[in-house]
Amino acid sequence: MKALILAGGAGTRLRPITHTRAKQLVPVANKPILFYGLEEISEAGIKDVGIVVGDTAEEVKAAVGDGSEWGISVTYIAQEAPLGLAHAVLTARDFLAEDDFVMYLGDNLLKQSLREFVERFEEDRRRASAPTLDGAGDVPCAQILLKEVPDPHRFGVAELNADGTVVRLLEKPEHPPSNLALVGVYLFDHRVHEAVASIQPSARGELEITDAIQWLVDSGCRVRTEILEGWWIDTGKLTPLLEANRLMLETMERKLEGDVDADSEIDGRVVIEPGARIVRSRIRGPVAIAAGTTIVDSFIGPFTAIGRDCEIEGSEIEHSVVLEGCRVIRAGRLEDSLLGQKVEVTRSDRRPRATRLMVGDHGTIDLS
């Protein structure tokens, strides 16, 4: 089995951060979002991985390299424009050949074992293909992951048979037939190639993967489903990104490898990487502080990730993501914020008020 990761797309909902970096490389708990998917694919035993890239191809290539860090082999596949998920499959035809494959959206995070997802698909295929008295069984050609959501009209929605196979898929329906939304993880065999070649662009000019799956269903293929019990987050907007950061920080183990002076206090699940310095400050976890960062006379509160080589002085930061190279000096209190690379935030007075920011790379904010 191969894997196809989609890492194109412009990330318009995370601008200005994504004016200068790929949305899949924005860090959550100090790790690029894309890396979580690569780890899952590797742990599932998949070694041959194609990554579909667009305008940010060079940045993705620089971050991922040849995949050897994860024990995988990576092939980069250029997509001319973000023309839909089914178009990405069409573009990757030569790489995928006739092999089964997982398709994984590079900006999604979910609490789900990809290994188990793959194993259940393969087991169903083995069982269905075993000889029976009346011939071979009904071998599934695809598998989708679904999640119960309170607002299904915002998503692609599946209508299922009693046995859990797909009857119909609807994209953002006004009257949803169920509350089961499609999550960005799919499994296909070779029959999907005929499907993506047969459908037409949707009203928004894209080849929709929901249309391709519906084509498979209409052609008599069985599409099986798995229900996601844990969480799932599309990190394309600020609030979900901060929520994903919170959830991933909660999974960390306490590890204090940096320098913490005697006047500082470290509470709870905190990771301080080697080379980081904490001076006369309080850190209350879950918090991640990357190497080379210095924090002086400050409070870093729960659900905050501070990137490499930052300087935080005389400030309070909580429930935020701060990328590498930032300076936050006497800035008062920042909450629910996302700061891009090498952002400077300063305040010339000490008025006690909270600030909420989303600042792109190399920005300078004076809170006077």
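Provide the three semi-axes, in whole Å and in decreasing order, of the ellipsoid equivalent to the range 32-165 as defined by the square roots of 5 times the Cα gyration tensor eigenvalues.
So the equivalent ellipsoid measures 29, 20, 16 Å along its semi-axes.
From the alpha carbon centroid of the range 25-54 to that of the range 61-80 is 9 Å. Between the range 332-348 and the range 196-246, the alpha-carbon centres lie 35 Å apart. Taking a ≥ b ≥ c as the square roots of the eigenvalues of the Cα gyration tensor of the range 38-96, is the shape rounded (a/c under 1.5), prolate (a/b larger than b/c) or oblate? It comes out oblate by the Cα gyration axes.
Using helices alone, what [θ] at 222 nm do you get for the chain, with -39,500 (n - 2.57) per DSSP H run of 4 or more residues, divided over all residues and rounded to the nearest 500? When only DSSP H runs of four or more count, the value is -6000 deg cm²/dmol. Remark: 248, 103, 1 ranked as 1, 248, 103, counting other beta-carbon atoms within 10 Å and listing the fewest first. When the listed pairs 2/61; 147/237; 31/342; 31/111; 47/172 are checked against a 26 Å cut-off, the alpha-carbon distance exceeds it for 47/172.
Net charge of the neighbourhood of residue 227, taken over other residues with C-beta under 15 Å away and scored Lys/Arg +1, Asp/Glu -1, is -3. Placing pseudo-labels 7 Å out from each Cα toward the beta carbon at residue 255 and residue 62 gives an inter-label distance of 2.6 nm. Charge dipole (Cα centre; +1 on Lys/Arg Cβ, -1 on Asp/Glu Cβ; no other charges) of the chain amounts to roughly 1000 debye. Compared with the direct C-alpha span, the chain from residue 262 to residue 39 gains 76.6 nm at full extension, assuming 0.36 nm per residue. Local charge for residue 99 was computed over the other residues whose Cβ lies under 9 Å away, with Lys and Arg +1 and Asp and Glu -1, and equals -3.
For the range 48-145, GluC sites (Glu not before Pro) are listed when DSSP marks them as loop and at most 16 other Cβ atoms sit within 10 Å of their Cβ; the list is 80, 98. Prolate is the label for the chain, because the ratio a/c of its alpha-carbon gyration tensor axes (a ≥ b ≥ c) is 1.5 or higher and a/b is greater than b/c.
Tell me the angle of helix 33-43 to the major Cα principal axis of the chain, expressed in degrees between 0 and 90 and rounded to the nearest ten. Tilt of helix 33-43: around 50 degrees. With 0.36 nm allotted per residue and the present C-alpha distance subtracted, the residue 69-residue 329 stretch has 90.0 nm of extension available.
Considering only DSSP beta bridges whose two residues both sit in the chain, what percent are antiparallel, to the nearest 5? That works out to approximately 25 percent antiparallel. Note on residue 139 and residue 227: with the Förster distance fixed at 25 Å, the Cβ-Cβ geometry gives a FRET efficiency of about 0.75. Can you tell me the FRET efficiency between residue 342 and residue 78 if r is taken as the Cβ-Cβ distance and R0 is 25 Å, rounded to the nearest 0.05? After rounding, the FRET efficiency stands at 0.30.
Laboratory data are not the source of any read-out in this text; all were calculated from the coordinates shown. Bear in mind that the values here come from a model prediction, so they are computed numbers and not experimental data. Neighbour counts are summed over all protein chains in view; Cβ atoms, including those assigned to glycine, are modelled from backbone coordinates with ideal geometry.
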